[in-house]
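I have placed the structure first, in the form of structure tokens, so that the comments after it can refer back to it.
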Amino acid sequence: MPFHILIAEDSTSQREALAALCRTLPDVEVHEASDGRWAAQLARKLTQLDLVITDINMPGMDGIELIQQLSRHVQLPSLLLLSGHVPELLSNCMRAAEELGFANIAYLAKPFEVDTLLREVQQLLLQRQGPGTAEHAIPLSEIFTGLAHNQFCAHFQPIYNQHEHRAVQVEALARWQHPAYGLLGPASFIDRLEHEGFIVLLTRRIVQTSLDLLTRNPWAQDLRLSINLSRGLLDDAEFFDWLIKEVEERQIPPRQIVLEITETMAFSNLGNTLAALLRLRMRGFELSLDDFGAGHTNLEQLKDLPITELKLDRSLIKNIHQAHRTQSILDGIIRIGQQLQLRMVAEGIDNPHDLAYLQGRYPELELQGFYLGRPVASSELSSHLGYANRPASA
């Protein structure tokens, strides 16, 4: 069954060009509308709608109002937001769409490169594919079976240091090699395991395989390893005891392990969170505040957390090279981070323009993103990082 894409663009030439590009992709059917009102009518008539590409600045019903109309649909499509007149508002439009319930959203400022557009379209369509688009479609019993049969694994995404010109850290990301559906991302299982209280089973699996990566590969022994912690684990003293034991048994220095928590988690129950984080810091683990900038944290609150690393959310980084207001915000965040002596990582780098801007302005930032390196299996990581042909002592 083909994917259905709806393009809402008032410029005839731009709409036709977008449609032509989308039709170069396999298994797609493209629908066109010259304004938001027509697009909304088309959306109501279509029995399947996977992706809406809309300019946010159109006469009549603009793209923002169109998003509001689409949010009333039972099945919400993915969104790709475009703008040439007010690109600085794109990240705000994305945030509004998230609050309206859309899960898969991207945005591009005009003019954009053809390859960038096609990459975003393909990614948004892939996120619609398979059972992972509806997490409840996979029964909990099937997830348990996958855990029992070691179908879950870690893929690793590199984080690069600009001064050393190499990867100095890798983030472990959970994946499920499903026997029927292929490789599934965390949207298919993380929330379900968290909700049912079984996330510790998966986290233990990811921790063990990730720690083994460090101990079994000489080239990985100076890499920091990032591991994501879920909300429930912050209150699980037994898990932390287990984690400390696993690290000590492998004789890995705790400072080599970076434990990531999200901004929302950090301040949801500050007393318990602080107690857990302080205990880990006393043991020598590094602590990272992930997705910073996506929530509502006051910069002043950072001083209350014993963190060593700040990961800047992709919503701050995407199209930073031309988002002037976001540039000012990022300047302030980085200044505070430097004053607090935090290592800072920019995640979500997916185009050469953002990379060039960050490299030119913030040489101290460490960098992560699909443009620099995608998550790969442990068996591929050595060649992915350029270690495949080096001697073991290198």
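The values are calculated or read from the model by the stated rules, or taken from the named source; none is laboratory data. Small disclaimer: the values here were computed from a predicted structure and weren't measured. Every residue, glycine as well, gets a Cβ built from its backbone with ideal geometry; the counts of neighbours run over all protein chains shown. Heads up: the accessible areas ignore ligands, DNA and RNA and are worked out on the full protein's heavy atoms, side chains in. Shrake-Rupley method; radii C 1.70, N 1.55, O 1.52, S 1.80 Å.
Taking only protein heavy atoms and a 1.4 Å probe, what accessible area per residue, in Å², does the chain have with all protein chains in place?
Roughly 47 Å² per residue, with all protein chains present.
What shape does region 144-292 take by its C-alpha gyration tensor, where a ≥ b ≥ c are the square roots of the eigenvalues and a/c under 1.5 counts as rounded, a/b above b/c as prolate, and the rest as oblate?
rounded
Go through region 156-161 residue by residue and turn each phi into a ³J(HN,Hα) via Karplus (6.51, -1.76, 1.60, θ = phi - 60°); whole Hz please, and just put x for glycine and proline.
Ordered by residue, 3J(HN,Hα) equals 10, 10, x, 10, 9, 9 Hz.
Can you give me the Cα centroid spacing of region 336-354 and region 137-207 in angstrom?
So the separation of the two Cα centres works out to 24 Å.
Given the DSSP H assignment, sum -39500 (n - 2.57) over each helix run of at least 4 residues in the chain and divide by its residue total; what's the result at 222 nm in deg cm²/dmol, nearest 500?
After summing the helix terms and dividing by the residues of the chain, the value is -11500 deg cm²/dmol.
Counting Lys +1, Arg +1, Asp -1, Glu -1, what net charge surrounds R325 among other residues with beta carbon under 12 Å of its beta carbon?
So the surrounding residues net to -2.
Using Cα atoms only, what is the angle between the long axis of helix 90-99 and the major principal axis of the chain, expressed in degrees (0 to 90) to the nearest 10?
80
Given that just one value was derived from the coordinates, which of (i) 54, 43, 37; (ii) 63, 49, 48; (iii) 80, 55, 44 is Cα extents along the principal axes in Å?
Label (ii) holds the value from this structure.
Rounded to the nearest 5, what % of DSSP beta bridges with both residues in the chain are antiparallel?
Looking only at bridges with both residues in the chain, the antiparallel portion is about 30 percent.
Quick one: helix 36-45 against the long Cα principal axis of the chain, what's the angle to the nearest 10°, folded into 0 to 90?
Roughly 80 degrees between the two axes.
Tell me the carbon and sulfur percent of the accessible area for the chain, rounded to whole percent, probe radius 1.4 Å.
On the way: 9010 of 18370 Å².
Roughly 49 percent of what the probe reaches on the chain is carbon or sulfur.
Along region 141-147, what does the Karplus equation 6.51 cos²θ - 1.76 cosθ + 1.60 (θ = phi - 60°) give for ³J(HN,Hα), rounded to whole Hz, x for Gly and Pro?
Running phi through 6.51 cos²θ - 1.76 cosθ + 1.60 with θ = phi - 60° gives 4, 6, 5, 4, 4, x, 5 Hz.
Going by alpha carbons, how many degrees (0 to 90, nearest 10) lie between the helix axis of 12-22 and the longest principal axis of the chain?
50
Residue by residue through region 275-292, which ³J(HN,Hα) values in whole Hz follow from phi under the Karplus form 6.51 cos²θ - 1.76 cosθ + 1.60 (θ = phi - 60°), with glycine and proline marked x?
Listing the rounded values in order: 4, 5, 5, 5, 4, 5, 5, 5, 7, x, 5, 8, 10, 10, 9, 8, 6, 5 Hz.
Report for region 80-222 the percent antiparallel among DSSP-assigned beta bridges with both residues inside it, nearest 5.
On the way: 13 of 17 bridges.
DSSP beta bridges in region 80-222 are roughly 75 percent antiparallel.
Post the alpha-carbon centroid distance, region 1-72 to region 224-258, in whole angstrom.
About 46 Å separates the Cα centre of region 1-72 from the one of region 224-258.
I need the peptides 331-344, 55-68 ranked by packing, meaning the mean over residues of other C-beta atoms within 10 angstrom, with the highest value on top. Intermediate results must be reported in sequence, preceding the final value.
On the way: 331-344: 15.0, 55-68: 18.9.
Descending mean neighbour count gives 55-68, 331-344.
Give the long-range amide H neighbours of F3: residues separated by 5 or more places, or on another chain, with amide H under 5 Å away, using H modelled in the peptide plane at 1.01 Å from N.
It is V28, E29, by chain and number.
For a protection proxy built on the mean count of beta-carbon atoms within 10 angstrom, sort 361-374, 104-117 highest first, please. Let's see the in-between values first.
Working: 361-374: 17.9, 104-117: 16.4.
In descending order of packing, they fall as 361-374, 104-117.
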